[in-house]
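As structure tokens, the structure follows; a few thoughts come after it.
The values are calculated or read from the model by the stated rules, or taken from the named source; none is laboratory data. Because the structure is predicted, anything quoted here is derived from the model rather than measured. For neighbour counting, all protein chains shown are included, and Cβ atoms are generated from backbone atoms with ideal geometry for every residue, glycine included.
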Amino acid sequence: MQKLWILLFGFLIVFQSCLAQSQKRPIGGLVMAVKLADSEIKHFPEPWTVDFNPKPVWNYTQGLIASAMIMIWKENGNDSYYNYARTYADHFINANGSISGYKAEDYNIDAVNSGKFLFDVYEKTKDERYLKAINHLRDQLKTQPRTSEGGFWHKKRYPHQMWLDGLYMGAPFLAQYAFVMKDAAIFDDVVKQFVIVHKHTYNPKVGLNYHGWDESKEQKWADPKTGCSPNFWGRAEGWYAMALVDVLDFLPLDHPGRSKLLGILNQVAIAVKKYQDPKTGLWYQVLDQGSRKGNYFEATASSMFTYALLKGSRKGYISGDYKAIAIKAYNGILKNFIQDNGDGTISLTKCCAVAGLGGNPYRDGSYEYYIKETVHADDPKGVGPFIMACLEMNDSK
């Protein structure tokens, strides 16, 4: 009888321990990544339509989803995700490696982001047309217009401007190119982009980076003294955080600029922690004005910060303490943004559709502008980063 009680007591201890561990571990990882990816494929059977495009277009959002699909394929070996990404490539890349609809002379840095997943497609197929396409995108950056200090203009039609968004669009691709092609001199240019944009957009009192900077100070949205836009937009800071953790994957450990990027990333992480909502674990559309009327918890920025903090802490780029903050955010996304559609699919809701500066109609970067932009579900700028965050959850267990 005594042995039975000992066995029962031991079983109870083990059960309670397992229960405690299960309560600490959030739902997710690869299972959630696959479920969201499968939903994305069902919602958008043709990968060039993922950003609700009526016509096929070579753009950063499609490349973002393609990269996320490649990451799932690498994790579970299911070729359906690789094939979805490759279908996008094959729709645009011709036999000679040229990209349909892509115009290098537009100097739109957004177009470069879609080159990242091509490295994996080329590695698998050894088809030279993918390598040629990669080189076409690299060539754009060789002549991309720059600020006086050497920072890439966001686009030719946005002269003298650097946006935080643009760091994600160009820098990780360029760093990967330098790594794969063994062209170490390129790394200096990669580091330079972050150093310049951080120098001009970082507000040390607030701890955040302004969305954009106009060196000429000619834009109506630009502060006449600093050239910065007036607000701290969540997704812009999210792009910036993701760019940093992705570039560090390729930057050599002994590169003199590595410590600079780690320092910038840690400043970003401190601010991300500071402005996280303590109850939900999420972040607002305008990061530092959570109590202001009209502001709302926004899914794309929240997904990006979750990914960046999980990856950064896992790889030692930032303190491991940030992992708990990211897990809280991950659970907040599951609770507040994931919608069961009742047809076997799920959606990521509360995504800001788009936000920029200047243009026509003119976007002034005001608080009122950011909170009034369209909000919808299944936006690739949220779906892609959240899939990546899910995969980081899988790695971090």
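Mind checking which pairs have a first residue in region 106-125 that is more than 16 Å from Val57 (Cα to Cα) and a second that is part of a loop (DSSP other than H, G, I, E, B), Cβ under 9 Å, 6 or more apart or different chains?
Every condition considered, the pairs that remain are Val121/Asp127.
Of all residues being in a loop (DSSP other than H, G, I, E, B) and touching a Ser or Thr at 6+ places or on another chain (Cβ under 9 Å) in region 281-300, which is farthest from Tyr369 (Cα to Cα)? Just the residue, please.
Gly281
Looking at Arg129, Arg146, Arg157, Arg138, can you tell me which residue is modelled with pLDDT of 95 or more and either within 25 Å of Glu46 (Cα to Cα) or acidic (Asp, Glu) (or both)?
Arg129
So is Tyr130 over 18 Å from Phe250 (Cα atoms), among the aromatic types (Phe, Trp, Tyr), in a helix (DSSP H, G or I) and in contact with a Phe, Trp or Tyr (Cβ under 9 Å, 6 or more places away or on another chain) or not?
yes
Taking the condition of being within 24 Å of Leu118 (Cβ to Cβ) and not hydrophobic (A, V, I, L, M, F, W, C), how many residues in region 193-226 meet it?
1
Which of (1) acidic (Asp, Glu); (2) under 30 Å from Pro145 (Cα atoms); (3) without any contact (Cβ under 8 Å) to a residue 60 or more places away in the chain does Asp79 not meet, given it meets every other one?
(2)
Taking region 352-375 as the search range and keeping residues that are among the hydroxyl-bearing types (Ser, Thr, Tyr) and in a loop (DSSP other than H, G, I, E, B), which one is farthest from the chain's Cα centre (by Cα)?
Tyr362
Being over 19 Å from Tyr240 (Cα atoms) and charged (D, E, K, R) is the filter here; which residues of region 279-335 pass it?
Lys279, Arg292, Lys293, Asp321, Lys328, Lys335
Residues in region 134-146: is at least one buried (at least 19 other Cβ atoms within 10 Å of the Cβ) and of a type in the set (Ser, Thr, Tyr)?
no
Check off (1) more than 19 Å from Asp165 (Cβ to Cβ); (2) among the charged types (D, E, K, R); (3) outside any loop (DSSP other than H, G, I, E, B) for Asp378 and give me the number that stays unchecked.
The number of the failed condition is (3).
Taking Gly316 as meeting all but one of (1) more than 26 Å from His154 (Cβ to Cβ); (2) more than 18 Å from the chain's Cα centre (by Cα); (3) surrounded by 17 or more Cβ atoms within 10 Å (Cβ to Cβ); (4) not polar (S, T, N, Q), write down the number of the exception.
Going through the list (1) more than 26 Å from His154 (Cβ to Cβ); (2) more than 18 Å from the chain's Cα centre (by Cα); (3) surrounded by 17 or more Cβ atoms within 10 Å (Cβ to Cβ); (4) not polar (S, T, N, Q), Gly316 breaks only (3).
Restrict the check to region 225-234 and report whether at least one residue is more than 26 Å from Gln289 (Cβ to Cβ), touching a residue at least 24 places away in the same chain (Cβ under 8 Å) and hydrophobic (A, V, I, L, M, F, W, C).
Within region 225-234, not a single residue is more than 26 Å from Gln289 (Cβ to Cβ), touching a residue at least 24 places away in the same chain (Cβ under 8 Å) and hydrophobic (A, V, I, L, M, F, W, C).
Of the conditions (1) farther than 26 Å from Leu334 by Cβ; (2) over 21 Å from the mean Cα position of the chain (by Cα); (3) charged (D, E, K, R); (4) modelled with pLDDT of 90 or more, Lys3 satisfies every one except a single condition; which number is it?
All conditions are met except number (4).
Out of Asn360, Asn331, report the one residue that is in contact (Cβ under 8 Å) with a residue 12 or more places away in the chain and polar (S, T, N, Q).
Matching residue, one of Asn360, Asn331: Asn331.
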